[in-house]
Amino acid sequence: HWTLLSVSLFNCLLSTACSVGLALAIALTVHSRGMHLLMGCNSSVLPADARAAIATNDCPFNTTRIYETLALWFSSMVLAAAEAVLSGRCCLVALIFRGVGPCARSYGKEQV
C-alpha cells in the first residue's frame, strides 16, 4: 500500500507540473503569436508576423509548424491532466486501503 501511495502521489505531482508547464508554453506561444519559438534565430530583423519569416528564410525553425506544435502541446497537456487525475484517484485508493482519508471507515473500503 505504501508503494502505491508514494508512486501515485509522485506521478500525480509530476503530471500536474507537466500539464501546467505545457499550458504556460501554449499561453506564451499564443500571446506572442509564435515569436517565442523564433527567439533562437540569428537574424536581428524578424518580421512582425511569424509566418512571414518563411519568405526571408532567416530562421532555421520552420514557422509553418507552429500550429502543429501547438496541437501536439495541447493534446499532451490534456493527456498529462488525465494522468494526474488518475494518479490522484490511485493515491486516494491507497489512502483508503491504509485506513486514512474521507472514505476509510465507511463502505468505501468494501466497495474498493
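Annotations
- Residue-span extension gain [Ala23 to Thr3] - 0.36 nm each, minus C-alpha spacing: 4.2 nm
- Each residue, Ser75 and Ser32, gets one label point 7 Å from its Cα in the Cβ direction; the gap between the two is 2.5 nm.
No lab work stands behind these numbers, since they all come straight from the coordinates. What you are looking at is a predicted structure, and each value in this text was computed from that prediction instead of being measured. All Cβ positions, even for glycine, are placed from backbone atoms using ideal geometry, and neighbour counts span all protein chains on display.
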